[in-house]
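Chemist: Below you'll find the structure I mean.
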Amino acid sequence: MTLSFAYRMLLIGLLPLIAVLLYSEGQRYDPALIRFDQLPSDGDTTTRLLPERIEGFNLLGNVRFYTKDNLYEYVNGHAEYFISAGFISLAVGEYNASNASSTEPDVIIDIYDMGKSIQAFGVLSDESGGSLSDIIGSLTGFISPAGISFTSGHYYVKLSAYNDTVPLQAIAARIAGLIGEASDPFPEFSRLPDIGIVAATRFIKEAYRGLDFVNNVIEREYVINGGRAQIFIVTKEMGDIDTMTEAFMKYFRQSGIEFSSMHRKDSTVYTISDPYEGDWSLIVFPDSLVGVFGAADDTILNKLLAESGP
Amino acid sequence: MKRRDFLKASVIAGASIAGTPLAARSAENEKPKVKKYKEIGKTGLKMSDISYGTGRLPSSSMILRAIDAGINYFDTAPDYGSSEKYIGQAMKNIQRDKIIIASKFCSPYAYPSHLPLGSKKKDFIDAAEASLSRMKTEYMDFCFVHAIGEQSKSREKEEKRLLDEEMLSAFDTLKQAGKVRFLAVSSHGPDNMEALLLTAVRSGHFNLIMPAFNFMSFPKIPDLLKEAKERKVGVIAMKTLAGAKDVDFDSKGEPFAPAVFKWVLKHPEVNGLVISIKSISDMDLYLSASGEKFTAADQKTLDRYAKRFEKEYCRTGCSECESSCPEGVSIATTLRLQMYFRDYRMEKKAIESYARLNAKASKCVSCETEDCSGECPYGLPVSSMLRQAHDDLSLIV
């Protein structure tokens, strides 16, 4: 009886500890795509990005504004995806031609505030199926038969046209102009070196190049002296660097892939002789992994070591 | 200076060599490989029984891995993301005559991008030549008229697309130019799949058919397979995972996918199957079925899967309920896109394709008559599934 009482008291005493553990460890999320630490969206700001008139089209009614609480009313069935990707708010404007007699929209403009640039880019990359390019000036996005999608700072913008006469590119450029200079520059992008013409930038959510353990990767493809090089980066916010490095080593050994390594300050450079990828390099910084494939030489590696570390 | 010389030259001040070549090739030899090849109809081309559907191809290196594992047949299309481009990147490392490449008469836009009835001969030739350019090859072994039975519920209309003179003339021109070797046709329904493929087999124009084929549907398929074999038309199976409701499903340690593949490949008329492979672990798992016999344990695995998912899987190629909707909703296509969205995790492609579908399931939301209920021969709750599919696939309501 005494023992039982003591045991019960012990359990009761442990409850706060269990609660703390559940609070800190039980709420797992993908840190590459979700940041909960941002300020609430300023709805007025997002709404003001949709003008009364744009390139000969008039706003129909009012701009509609959505938050996490009512996003499902607009993005029915897909709201969870957006929220899990960091969604803050959405402003929607429907426009038709100034001379139109109908009240049906010719173009719908969705401006998603995704909180962080990387989160906006993650959505864009998912929606594109991986085919991103610079569509207007330096705006990264994709063009489909149904419209144009792009990111600017932490905004993901989707234009959907309902007739062929809508000047989507001009509208996209105007919206980008209204958003202005990206207030939240993509920090991961800034760590990718300026080594040539940027051909494409992709976000790969899982199994990069077929490797099951490499997820949440940003890859940029460059054209350098007529050749192509791809540089990928995984930051500590997107995945555990030590775990991924160990997984690479295990994969190299199990696959019989030869590699050598060299330490420099707080980074390690692996040179890999890969039968499928060719010769490539992996640089392990304390806070990121950077890989280099294709037409890149030691000059580029030096640049990476100098510029891409913490 | 090449990158391999980077370390030797120690060009970075302060660098120290800490490692040397560490690994030896051993484990690689233990990885599953293709064990069986079969001739495709009477083409003289022998394909690996487990072959690569490149709809989710992650890189050119995966093509090389697959070839190293013995896979020699690659099914691609212009609208399969960067698939053709990746094949093109791998091409410099490939002995072209050792692999078989199949693509589609198709544009690179989102599905459904297959050239419709009314397309001109030049459109077909341009589409095929654009594929060859992307893949950096002089020829493709097969060019498919893809997804027959999908663009119209009318069998007659789809037969016209199947036997379109413009397409056939384009194929002749491409063949004479050495750019396409054989003509093929595929179908996952939803309408008249077996009948249309049978027409293709009997027409004498096609060297290969690719039906959706798995253990959970298609009662008329055996007749089609039999006639294809008699006429020496090749058969490659797709959609073999029966909806891929749970790719990690296993039964008492027996993984689902290899059991499914062995079931498909036990049919002597089937030359091989194509399956989407997105990672090395997928490839290893799938290749474990190559050349293996279908066993009683495999059958138990399939039985358990069928029992678990029989009320959730809309059988690809079946269209029994299609005519029941007075509003003409594209039931089977909607539910197939839902399968891409939920089970294949191809959300973007599914949403885009649904947006372009004429008869969406939006009408199901307010439907009171629910005429489709009770029409599914497999007992699926069609109306509620359509409403859920519309929810999933609609970005703009």
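For every residue, the table says whether it meets (1) within 11 Å of chain A (Cβ to nearest Cβ); (2) buried (at least 24 other Cβ atoms within 10 Å of the Cβ); (3) closer than 24 Å to A:ASN216 by Cα.
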position: B:LYS38; (1), (2), (3): no, no, no
position: B:GLY44; (1), (2), (3): no, no, no
position: B:ASP75; (1), (2), (3): no, yes, no
position: B:SER82; (1), (2), (3): yes, no, yes
position: B:ASN93; (1), (2), (3): yes, no, no
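Chemist: Quick one: in region A:108-119, of everything that is more than 14 Å from chain B (Cβ to nearest Cβ) and at pLDDT 85 or above, which residue is surrounded by the most Cβ atoms within 10 Å (Cβ to Cβ)?
Modeler: Checked region A:108-119; the qualifying residue surrounded by the most Cβ atoms within 10 Å (Cβ to Cβ) is A:MET114.
Chemist: Next question, about the same structure. Restricting the search to region B:250-277, which residues are modelled with pLDDT under 95, surrounded by 19 or more Cβ atoms within 10 Å (Cβ to Cβ) and in a loop (DSSP other than H, G, I, E, B)?
Modeler: Selection gives B:ILE277 alone.
Chemist: For residues that are within 13 Å of chain A (Cβ to nearest Cβ) and open to solvent by less than 30 Å² (accessible area, probe 1.4 Å), scanning just region B:367-397, find the one that is modelled with the highest pLDDT.
Modeler: Here the residue is B:LEU386.
Chemist: As an exercise: evaluate B:ALA9 against (1) open to solvent by less than 40 Å² (accessible area, probe 1.4 Å); (2) more than 7 Å from chain A (Cβ to nearest Cβ); (3) at pLDDT below 95 and give the number of the one condition it does not meet.
Modeler: Tallying (1) open to solvent by less than 40 Å² (accessible area, probe 1.4 Å); (2) more than 7 Å from chain A (Cβ to nearest Cβ); (3) at pLDDT below 95, B:ALA9 fails exactly one: (1).
Chemist: Right, another one. If I filter region A:162-174 down to residues being β-branched (Val, Ile, Thr) and within 10 Å of A:GLU55 (Cβ to Cβ), which single residue comes out as modelled with the highest pLDDT? Quick ask: steps written out before the conclusion?
Modeler: To start, the set of residues in region A:162-174 that are β-branched (Val, Ile, Thr) comprises A:165-166, A:171.
Filter again for within 10 Å of A:GLU55 (Cβ to Cβ), leaving A:166, A:171.
Values: A:VAL166: 87, A:ILE171: 93.
Across region A:162-174, the extreme among qualifying residues is A:ILE171.
Chemist: If I filter region A:223-260 down to residues being within 14 Å of chain B (Cβ to nearest Cβ), of a type in the set (Val, Ile, Thr) and in contact with an Asp or Glu (Cβ under 8 Å, 6 or more places away or on another chain), which single residue comes out as farthest from A:PHE293 (Cα to Cα)?
Modeler: Filtering region A:223-260 for residues that are within 14 Å of chain B (Cβ to nearest Cβ), of a type in the set (Val, Ile, Thr) and in contact with an Asp or Glu (Cβ under 8 Å, 6 or more places away or on another chain), the one farthest from A:PHE293 (Cα to Cα) comes out as A:ILE257.
Chemist: Pick from region B:322-337 the residues that are outside any helix (DSSP H, G or I) and under 25 Å from the mean Cα position of the chain (by Cα): which of them is surrounded by the fewest Cβ atoms within 10 Å (Cβ to Cβ)?
Modeler: So the residue we want is B:SER330.
Chemist: Mind checking which residues of region B:338-366 are surrounded by fewer than 18 Cβ atoms within 10 Å (Cβ to Cβ), in a loop (DSSP other than H, G, I, E, B) and at pLDDT 75 or above?
Modeler: B:LEU357, B:ASN358, B:ALA359
Chemist: For region A:190-220: of the residues being part of a loop (DSSP other than H, G, I, E, B) and aliphatic (A, V, I, L, M), which is farthest from A:THR299 (Cα to Cα)? Working first, answer last.
Modeler: Filtering region A:190-220 down to residues part of a loop (DSSP other than H, G, I, E, B) leaves A:191-196, A:205-207, A:211-216.
Okay, now just the ones that are also aliphatic (A, V, I, L, M), so A:192, A:195, A:207, A:211, A:214.
Details: A:LEU192: 14, A:ILE195: 10, A:ALA207: 29, A:LEU211: 27, A:VAL214: 26 Å.
So the residue we want is A:ALA207.
Chemist: Any idea which residue in region A:209-220 is farthest from B:LEU285 (Cα to Cα), counting only those that are at the interface with chain B (Cβ under 7 Å from one of its Cβ atoms) and crowded, with 18+ Cβ neighbours inside 10 Å?
Modeler: Start the filter on region A:209-220 by keeping residues that are at the interface with chain B (Cβ under 7 Å from one of its Cβ atoms), which leaves A:209-212.
Narrowing the set further to residues that are crowded, with 18+ Cβ neighbours inside 10 Å leaves A:209-211.
Details: A:ARG209: 17, A:GLY210: 13, A:LEU211: 14 Å.
Among those that are at the interface with chain B (Cβ under 7 Å from one of its Cβ atoms) and crowded, with 18+ Cβ neighbours inside 10 Å, it is A:ARG209.
Chemist: Consider A:SER288 carefully, then state whether it is small (Gly, Ala, Ser) and within 7 Å of another protein chain (Cβ to nearest Cβ). Spell out how you get there, then give the answer.
Modeler: Numbers: small (Gly, Ala, Ser): yes; within 7 Å of another protein chain (Cβ to nearest Cβ): no.
Considered against the rule, which asks whether it is small (Gly, Ala, Ser) and within 7 Å of another protein chain (Cβ to nearest Cβ), A:SER288 comes out as no.
Chemist: Evaluate the following for A:LYS250: is it open to solvent by 10 Å² or more (accessible area, probe 1.4 Å) and modelled with pLDDT of 90 or more?
Modeler: Details: open to solvent by 10 Å² or more (accessible area, probe 1.4 Å): yes; modelled with pLDDT of 90 or more: yes.
The answer is yes for A:LYS250.
Chemist: To continue, here is another question. Sort out which residues of region B:54-73 are part of a loop (DSSP other than H, G, I, E, B) and either of a type in the set (Phe, Trp, Tyr) or more than 14 Å from chain A (Cβ to nearest Cβ) (or both), and write them in order of number. It would help to see each step written out before you state the result.
Modeler: To start, the set of residues in region B:54-73 that are part of a loop (DSSP other than H, G, I, E, B) comprises B:57-59, B:69-72.
Result: B:GLY70, B:ASN72.
Chemist: Additional query: Are any of the residues in region A:277-298 of a type in the set (A, V, I, L, M, F, W, C), part of a loop (DSSP other than H, G, I, E, B) and modelled with pLDDT of 85 or more?
Modeler: no
Chemist: Also, quick follow-up: Applying the selection to region A:122-162, what residues are open to solvent by 50 Å² or more (accessible area, probe 1.4 Å) and either among the charged types (D, E, K, R) or away from every other protein chain (no Cβ under 14 Å) (or both)?
Modeler: Those that are open to solvent by 50 Å² or more (accessible area, probe 1.4 Å) and either among the charged types (D, E, K, R) or away from every other protein chain (no Cβ under 14 Å) (or both): A:ASP134, A:GLY137, A:SER138.
Chemist: Can you find a residue that is over 22 Å from A:SER117 (Cβ atoms), part of a strand (DSSP E or B), at pLDDT below 85 and open to solvent by 30 Å² or more (accessible area, probe 1.4 Å) anywhere in region A:221-233?
Modeler: Yes, because at least one residue in region A:221-233 is over 22 Å from A:SER117 (Cβ atoms), part of a strand (DSSP E or B), at pLDDT below 85 and open to solvent by 30 Å² or more (accessible area, probe 1.4 Å).
Chemist: Residue check, B:LEU132 against (1) touching a residue at least 40 places away in the same chain (Cβ under 8 Å); (2) more than 20 Å from B:GLY81 (Cα to Cα); (3) assigned to a helix (DSSP H, G or I), all met but one. Which one?
Modeler: (2)
Chemist: Scan region B:268-287 residue by residue and report those that are without any contact (Cβ under 8 Å) to a residue 24 or more places away in the chain and in contact with a Gly (Cβ under 7 Å, 6 or more places away or on another chain).
Modeler: none
Chemist: Tell me whether region A:276-285 contains one or more residues that are within 9 Å of chain B (Cβ to nearest Cβ), of a type in the set (A, V, I, L, M, F, W, C), free of Cβ contacts under 8 Å to residues at least 12 places away in the same chain and closer than 30 Å to A:PHE142 by Cβ.
Modeler: Quick first cut of region A:276-285, residues within 9 Å of chain B (Cβ to nearest Cβ) only: A:276-281.
The next check asks that each one be of a type in the set (A, V, I, L, M, F, W, C); those that pass are A:280.
Checking the rest, the ones that are also free of Cβ contacts under 8 Å to residues at least 12 places away in the same chain come to none.
No, the conditions are met nowhere in region A:276-285.
Chemist: Could you list all residues from region A:258-273 that are part of a strand (DSSP E or B) and out of contact with any strand residue (DSSP E or B) (no Cβ under 6 Å at 6 or more places or on another chain)? Don't jump to the end; show me each part of the working.
Modeler: The initial filter retains those residues of region A:258-273 that are part of a strand (DSSP E or B), namely A:258-264, A:267-273.
If the condition is that a residue be part of a strand (DSSP E or B) and out of contact with any strand residue (DSSP E or B) (no Cβ under 6 Å at 6 or more places or on another chain), then A:ARG264 is the only one that fits.
The values are calculated or read from the model by the stated rules, or taken from the named source; none is laboratory data. It should be emphasised that the depicted structure is a prediction, and the values quoted were computed from it without experimental measurement. Note that each Cβ is placed from the backbone with ideal geometry, even for glycine, and that neighbours are counted across all protein chains shown. Note: accessible area is taken over every heavy atom of the protein model, side chains too, but ligands, DNA and RNA are not part of it. Shrake-Rupley method; radii C 1.70, N 1.55, O 1.52, S 1.80 Å.
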